[in-house]
1. Take residue 108 and tell me if it is more than 30 Å from residue 12 (Cα to Cα) and in contact with a helix residue (DSSP H, G or I) (Cβ under 6 Å, 6 or more places away or on another chain).
2. Residue 195 fails exactly one of the following numbered conditions: (1) under 30 Å from residue 11 (Cβ atoms); (2) touching a helix residue (DSSP H, G or I) at 6+ places or on another chain (Cβ under 8 Å); (3) at pLDDT 85 or above. What is the number of that condition?
3. Please work out if residue 134 is at pLDDT 80 or above and more than 18 Å from the chain's Cα centre (by Cα).
4. Name the residue that is modelled with the lowest pLDDT, counting only residues in the stretch 137-151 that are surrounded by fewer than 14 Cβ atoms within 10 Å (Cβ to Cβ) and part of a helix (DSSP H, G or I).
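The values are calculated or read from the model by the stated rules, or taken from the named source; none is laboratory data. On a predicted model such as this, the values are computed, not experimentally measured, just so you know. Counting neighbours? That spans all protein chains shown, and the Cβs are built from the backbone with ideal geometry, glycine included.
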């Protein structure tokens, strides 16, 4: 078989990475649907958990953890077209790992049971988060050293140094929290999940707006993405408002936001087709 030119290889890898992110979301969704079907077959009654994270304590656990970790890797590896989008995606990828490594509390709605006692889950989470934090710290240090060594990064080097050091300090600050209060796994899961969704919303906003030096001057550069960002805000507002009377508001909110981000991601992938200037992104890894 004849080898493809290098640029074609890079281009195919770029789009395969974006495509893989969508397929991993589909994998997680199909696993949850399969779990619902299994419950219907076993009990003859339909039942849905109150959140996507609650499926950690079902037969979908392996897919839940694996898909989140793989999505985290995709978001971190992916090189965005701007620094701010790139950094937000990196943070969202890190948070995807945090969500996967810190299980939420058991939702008994569909008869799910926690196979690990509450007291035994703490060392498991501590191992996961400490390993992740140390790995992230090493990655940040190596990236910072790489930029120090590259002559092309002399411009704005001081800014990048500050950013990397702040990120490193934030990662280092996660670990001590494990030993300060026993509820860290449950609180940390919810906090990480909330920030993850904020992160993907920010990515859509960054791609839809043009920010100027004046904080009061923000121009819309992509109306399609702006509509998606607006839809995400409306979705969150409506479901938050209905949370008092609708017990399944959270899983619908999570699913809707993921679908809306997937719509943005797919649309952006289509727009980038044939337009990706390999190696010209101002974002750096």
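1. No.
2. Of the numbered conditions (1) under 30 Å from residue 11 (Cβ atoms); (2) touching a helix residue (DSSP H, G or I) at 6+ places or on another chain (Cβ under 8 Å); (3) at pLDDT 85 or above, the odd one out for residue 195 is (1).
3. For residue 134, the condition - at pLDDT 80 or above and more than 18 Å from the chain's Cα centre (by Cα) - is met.
4. Going through the qualifying residues, I end up with 151.
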